[in-house]
Amino acid sequence: MTETTAHPAMTLTIAGSEATGGAGAQADLKTFQELGTFGMVALTCIVSFNPQDNWNHRFVPVETQVITDQLEAIFGNYGPESLDAVKLGMMGSPATISTVAAAVSARRPKHLVLDPVLICKGQEPGHAQDTDNALKAELLPLATFVTPNHFETEQLSGMKVETLEDLQAAAAEIHRISGAAVLAKGGIRLAGADAVDVFVDAEGMEVLTAPKIGEHAVSGAGCSLAAAVTAELAKGASPMDAARSAKAFVTAGIRQRVAGNTPFDALWQGGLRR
Ligand code: PXL
């Protein structure tokens, strides 16, 4: 038997831990593995749901020096040119955003997928305006692909989104201000039988639809979607094809979701397995 060195596509997520395995870095890493890439994680924060307090989030930031250290280890080991695609998930504070922006802009990865996590399920919108502003000012300009949900689409575009036409206009606006490919997710938030997302890049616009599976948001859908886009881009897909594959991955994972005691189920990344 001969030994060889494997050359899988290399993917990194810079994201928060969500201990129950539904969302965050755990969802990203499982998605990376499921889609055949070599996954890496630099943690930005640790989220622990609180069963004694309505499953609210307990949030602990990782010290900025420790974030820098993790990225030094990763990029030192493989070299910036060896990382095929990098995903940015939950940052949680302006200090974390500045640290990550500095580290990433120094390495210039080919694909930088920004999941602009502004709030998590169960949190009140609008409590972290300074984080939203920092994300828009410092990370959005670096992104090559961005995956805002309904709320984040409104925040980033400054537009109200109630219809598919609104979602298309807002996605086009985010593309205009960022230059990035945009996959704006209507999810369960727009009326109608389908979960509708809008993809737009310099080549044009496409509406992606899949029948809604229930009326409840599923934990990990947004994280897994952006991670699947990251994995597909790392393997060489075009942004449009990455968006289509990621939507199919997430739709299958929502169908095969896992239930626990939280008020939301968790997507399972194995949904496309036969
Ligand atoms: O789903 C957004 C999200 C991202 N990252 C972390 C989270 C959550 C939501 O709970 O905890 C770490």
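The values are calculated or read from the model by the stated rules, or taken from the named source; none is laboratory data. Worth saying up front: this structure is predicted, and the values here are computed from it rather than measured. Note that each Cβ is placed from the backbone with ideal geometry, even for glycine, and that neighbours are counted across all protein chains shown. Side chains are part of the model used for accessible areas, which takes the heavy atoms of the whole protein and leaves out ligands, DNA and RNA. Shrake-Rupley method; radii C 1.70, N 1.55, O 1.52, S 1.80 Å.
Filtering 101, 27 for residues that are among the aliphatic types (A, V, I, L, M), in contact (Cβ under 8 Å) with a residue 40 or more places away in the chain and closer than 20 Å to residue 221 by Cβ leaves a single hit, 27.
Restricting attention to the stretch 67-113, the residues that are among the β-branched types (Val, Ile, Thr) and at pLDDT below 95 add up to 0. Suppose the filter is β-branched (Val, Ile, Thr) and at pLDDT below 95; does residue 144 pass it? When the stated conditions are applied, residue 144 does not pass them. Would you check if residue 114 is more than 16 Å from the ligand (Cβ to nearest atom) and in contact with a Ser or Thr (Cβ under 8 Å, 6 or more places away or on another chain)? Judged against the criteria, residue 114 is not a match.
The residue that is surrounded by the most Cβ atoms within 10 Å (Cβ to Cβ), among those in the stretch 24-45 that are part of a helix (DSSP H, G or I) and more than 16 Å from the ligand (Cβ to nearest atom), is 34. Residue 82 fulfils the conditions (1) of a type in the set (Gly, Ala, Ser); (2) surrounded by 15 or more Cβ atoms within 10 Å (Cβ to Cβ); (3) within 18 Å of residue 231 (Cα to Cα) except for a single criterion, (2). Exactly one residue among 98, 93 is more than 25 Å from residue 8 (Cβ to Cβ) and in contact with a strand residue (DSSP E or B) (Cβ under 9 Å, 6 or more places away or on another chain), and that residue is 93. Under the condition of being surrounded by 20 or more Cβ atoms within 10 Å (Cβ to Cβ) and touching a residue at least 60 places away in the same chain (Cβ under 8 Å), the residues counted in the stretch 248-261 number 1.
Against the numbered list (1) open to solvent by 50 Å² or more (accessible area, probe 1.4 Å); (2) free of Cβ contacts under 8 Å to residues at least 12 places away in the same chain, residue 95 comes up short only at (2).
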